[in-house]
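**Student:** A single structure is presented below for examination.
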Amino acid sequence: MFELLNEMLSYTFIQRAMIVGSIVSLAAALLGVSLVLKRYSMIGDGLSHVGFGALAIAMALGWAPLAFTVPVVIIAALLLLRLSESSKIKGDAAIGMIATAALAIGVTVISLTRSANADVSGYLFGSILVISKDEVTLSLILGGAVLILFVLFYRRIFTVTFDEAFAKATGLNTGLYNTLIAVLTAVTIVLGMRLMGAMLISSLVIFPALTAMRLHKRFLSVTLTAAIVSLVSFLIGIILSYLFSTPAGASVVLVNAAFFLVFSLIARIRNRS
Amino acid sequence: MPLISVKDAAFAYDGQIVLSKVSFDVNPGDYLCVVGENGSGKSTLMKGLLGLVKPVKGSITLADGLNRDEIGYLPQQNLTQRDFPASVREVVESGIRSRSLFLTREDKERADAMMGLMEIGQLKHRSFMELSGGQRQRVLLARALCATKKLLLLDEPTAGLDPVVARDLYKTIQKINQENGIAIIMISHDVHTAAQYATHMLHLRQTPLFYGKPDEYLSTYHGQCFAGGVCCV
């Protein structure tokens, strides 16, 4: 086992993927608990599509990918939040609309430029080879910020997630906390998108929270379990991907799905006895 | 000095007046029950009192020393909470409004005291979603009490509860009102029971039809119709 890890970590690209992936898995799982409970889980999916479109444009024009994609996806997150709150267009329809439009923009831009490094499949399903040194640094800073903000505001995030009406009535600025969650989600999605792929990244938001909820009935234990399950799934996924030469993103999602099934099974057995 | 003083307040949505000419005072220790049919403006009044909508005319004034965030609130029951993973303790503690990011020992003691007052101390470590409807309301009341020492707003606290559980909850609310001196403003459909505990009644239909003592209310025309379940014009 140690030999295997040693061997894997001798590759720079795997080192980078491990660092970025671990941070993203943790951040996505923590935010995911709140998003899933607020019935906002599809926002993650919508944002990853927007990220795909923005990334395609950045690559075509030769701009720094993260520096362009992060702000675009944050703006999209704020817009989606606004749309979900206004009753004119329903939230899920708004997400569907923005997501597919962004996807279409991305595909069009990629086909128009046809540059050598524009590999659609790499964008959509992720690639372990593409993470640059600058991206690792940026991931550490932004991902670290997500984790710290989550811990600092944990109590308020719980209050707002559990009961927005009460939180608002007792003087909490719920708009601010919803915005915080949306911005942190946007950053996490973009950081994880290149490794996991635009189509697969939202599973990191949804799976760990749902898996943890099979067995736990308290918010703190759900949050901690989701974080651990997410991190462990990521590491197992990367190892499997290395051993069997399977795509990293898809391998991680499959391990997440396996954990979900195992937790569901345990919950069922426990309920029966 | 009244805790909350409403003077000739009117509220509007999209320029349409939905509630007008509302005036009343709530003094420390009062128990005001607001009744009226659906769409009569009860919820709008509640939002106004919580500061979530501003009156387009008139005023709502809070007593000196009573901050907006010192009003306890029990919202209408919310379906999504029924499958929310949270322990009773976590829910009650979320009522504590403090500027610091983490809870102090005093905060935790206050939460414990409020759970004791609501007689749910033994449920502390249970999951909120496994509780019965009546137990859940007690948890949410304990949370509201964590947020206030003076004034509690309750939005249909007994909706969906069976009569025995509802009666126990009314008794507990009365105890908070009388023994802890916390003023209560409650929206209710249950006119008879509410009139039994309240010190003041306010009947709304876009504008107040009655404001005064409960016994007077039950003897008025509107009170009789509404309490009898038959609505007359």
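The values are calculated or read from the model by the stated rules, or taken from the named source; none is laboratory data. Please read all numbers here as calculations on a predicted model, not as lab measurements. Glycine gets a Cβ as well: all are built from the backbone with ideal geometry, and neighbour counts include every protein chain shown. To get the accessible areas, we keep the full protein, side chains included, count just its heavy atoms, and leave off ligands, DNA and RNA. Shrake-Rupley method; radii C 1.70, N 1.55, O 1.52, S 1.80 Å.
**Student:** Among B:LYS149/B:LYS175; B:LYS7/B:LYS150; B:LYS7/B:LYS42; A:LYS168/B:LYS124; A:LYS38/A:LYS168; B:LYS7/B:LYS47, which pairs are too far apart, with a Cα-Cα distance over 18 Å?
**Tutor:** Working: B:LYS149/B:LYS175 14 Å; B:LYS7/B:LYS150 21 Å; B:LYS7/B:LYS42 16 Å; A:LYS168/B:LYS124 25 Å; A:LYS38/A:LYS168 15 Å; B:LYS7/B:LYS47 16 Å.
From B:LYS149/B:LYS175; B:LYS7/B:LYS150; B:LYS7/B:LYS42; A:LYS168/B:LYS124; A:LYS38/A:LYS168; B:LYS7/B:LYS47, over 18 Å: B:LYS7/B:LYS150; A:LYS168/B:LYS124.
**Student:** With +1 on each Lys and Arg Cβ and -1 on each Asp and Glu Cβ, how big is the dipole of the range B:77-149 about its Cα centre, in debye rounded to the nearest 20?
**Tutor:** Numbers: 13 positive and 9 negative charges, 32 e Å.
Here the size comes out at about 160 debye.
**Student:** I've got another one for you. How far is the Cα center of the range B:10-52 from the Cα center of the range B:153-224, in Å?
**Tutor:** First find each Cα centre; the distance between them is then 15 Å.
**Student:** Taking N as the number of residues in the range B:77-149, what is its alpha-carbon radius of gyration divided by 2.2 N^0.38 Å? Please report the intermediate quantities before stating the final value.
**Tutor:** Numbers: Rg = 11.6 Å, N = 73, 2.2 N^0.38 = 11.2 Å.
The range B:77-149 yields a ratio of 1.03.
**Student:** Each residue of the range A:235-243 in order: what ³J(HN,Hα) in whole Hz does its phi give by Karplus 6.51 cos²θ - 1.76 cosθ + 1.60, θ = phi - 60°, with x for Gly and Pro?
**Tutor:** Each residue's phi maps through the Karplus curve to give 5, 4, x, 5, 5, 4, 4, 5, 5 Hz.
**Student:** While we're looking at this one, here's another question. Stokes-Einstein D for the range A:22-73 at 4 °C, 1.567 mPa s, Kirkwood Rh over Cα pairs, in µm²/s?
**Tutor:** On the way: Rh = 12.1 Å.
Rounded, D is 107 µm²/s.
**Student:** Picking from B:GLY133, B:VAL165, B:ALA147, whose Cα lies most toward the positive end of the charge dipole for the range B:88-175 (charges on Cβ: Lys, Arg +1; Asp, Glu -1)?
**Tutor:** Farthest towards the positive pole: B:ALA147.
**Student:** At 7 Å along the Cα-to-beta-carbon direction for both B:LYS171 and A:LEU129, put a label point, then send me their distance in nm to one decimal.
**Tutor:** 7.5
**Student:** Additional query: Below 11 angstrom from the Cβ of B:ASP8, what's the summed charge of the other residues (Lys, Arg +1; Asp, Glu -1)? It would help to have the intermediate numbers written out before the result.
**Tutor:** Values: positive: B:LYS7, B:LYS21, B:LYS57; negative: none.
So the surrounding residues net to +3.
**Student:** Calculate the dipole size of chain A relative to its Cα centre from +1 charges on Lys and Arg beta carbons and -1 charges on Asp and Glu beta carbons; express the result in debye to the nearest 20. Working shown, then result.
**Tutor:** On the way: 18 positive and 10 negative charges, 181 e Å.
Charge dipole of chain A: 880 debye, to the nearest 20.
**Student:** Can you give the FRET efficiency to the nearest 0.05 for A:LEU78 and A:LEU152, using r as the Cβ-Cβ distance and R₀ = 22 Å?
**Tutor:** On the way: r = 21 Å, r/R0 = 0.95.
After rounding, the FRET efficiency stands at 0.55.
**Student:** If you don't mind, another one. How big is the range B:1-96 along each principal axis, measuring the range of its Cα positions in Å and listing the largest first?
**Tutor:** Cα spread of the range B:1-96 along its principal axes, largest to smallest: 43, 32, 22 Å.
**Student:** Further, regarding this structure: Out of B:GLN16, B:LEU204, B:LEU117, whose Cα points farthest toward the positive end of the dipole of chain B (charges: +1 Lys, Arg; -1 Asp, Glu; placed on Cβ)?
**Tutor:** Of B:GLN16, B:LEU204, B:LEU117, it is B:GLN16.
**Student:** Oh, and also: List the residues, sorted by chain then number, that are 5 or more residues from B:LEU204 or on another chain and whose placed amide H is less than 5 Å from its amide H.
**Tutor:** Residues meeting the criterion, in which the H sits 1.01 Å from N, are B:VAL35, B:GLY36, B:LEU209.
**Student:** Where the only charges are on Cβ atoms (+1 Lys, Arg; -1 Asp, Glu), what is the dipole of the protein assembly as shown about its Cα centre, to the nearest 20 debye? Working shown, then result.
**Tutor:** On the way: 44 positive and 35 negative charges, 34 e Å.
Result for the protein assembly as shown is approximately 160 debye, rounded to the nearest 20.
**Student:** Relative to 2.2 N^0.38 Å, what does the C-alpha radius of gyration of the range B:83-221 come to as a ratio? Two decimals please. Could the numbers behind the result be given before it?
**Tutor:** Working: Rg = 16.5 Å, N = 139, 2.2 N^0.38 = 14.3 Å.
Dividing the Cα radius of gyration by 2.2 N^0.38 Å gives 1.15.
**Student:** Starting at the first residue of the range A:95-111, write each ³J(HN,Hα) from the Karplus equation 6.51 cos²θ - 1.76 cosθ + 1.60 with θ = phi - 60°, in whole Hz, x for Gly and Pro.
**Tutor:** Residue by residue, the range A:95-111 yields 5, x, 5, 5, 4, 5, 4, 5, 4, 4, 4, x, 4, 4, 4, 4, 6 Hz.
**Student:** If you take each beta carbon of peptide A:147-157 and count the beta carbons of other chains within 10 angstrom, what is the mean? Don't skip to the answer; put the middle values down first.
**Tutor:** Values: counts 0, 0, 0, 0, 2, 2, 1, 2, 9, 2, 0.
That average works out to 2.
**Student:** Follow-up. Along each of the three principal axes of the Cα atoms of chain B, give the extent in whole Å, ordering the values from largest to smallest.
**Tutor:** Dimensions of chain B along the principal axes of its Cα atoms: 51, 38, 35 Å.
**Student:** So what does B:TYR197 come to for accessible area, using a 1.4 Å probe and Å² rounded to 10?
**Tutor:** 20
**Student:** Taking a 1.4 Å probe, which of B:LEU79, A:LEU124 shows the most accessible area, and what order do the others take after it?
**Tutor:** Details: B:LEU79 125, A:LEU124 30 Å².
Largest accessible area first, the list is B:LEU79, A:LEU124.
**Student:** Please give the helix B:163-179 orientation as an angle from the longest Cα principal axis of chain B, in degrees from 0 to 90, rounded to the nearest 10.
**Tutor:** In chain B, helix B:163-179 runs at an angle near 90 degrees to the longest axis.
**Student:** Not counting the cut sites, what is the longest span of chain A without trypsin sites (Lys or Arg not before Pro) that DSSP labels loop and that have at most 12 other Cβ atoms within 10 Å? The partial results should precede the final answer.
**Tutor:** Numbers: sites that count: A:ARG39, A:LYS88, A:LYS90, A:ARG114.
In short, A:115-273.
**Student:** Take every Cα-Cα distance within the protein assembly as shown, group them into 20 Å bins from 0 onward, and report for each bin the whole-number percent of pairs it holds.
**Tutor:** Over the protein assembly as shown, the share of Cα pairs per 20 Å bin runs 21, 44, 27, 8, 0 percent.
**Student:** Please give, to one decimal in nm, the separation of the simple spin-label points placed at A:SER121 and B:SER132, each 7 Å out from Cα toward the Cβ.
**Tutor:** Distance between the two pseudo-spin positions: 6.1 nm.
**Student:** Where the eigenvalues come from the Cα gyration tensor of the range A:2-272, what are the semi-axes √(5λ) of the equivalent ellipsoid, largest first, in whole Å? Walk me through the numbers on the way to the answer.
**Tutor:** Working: eigenvalues 159, 125, 54 Å².
Calculated on Cα positions only, the semi-axes equal 28, 25, 16 Å.
**Student:** Report the one residue of A:GLY144, A:HIS216, A:ILE105 whose Cα lies farthest in the direction of the positive end of the charge dipole of the range A:2-272 (charges on C-beta: Lys and Arg +1, Asp and Glu -1; origin at the Cα centre).
**Tutor:** A:HIS216
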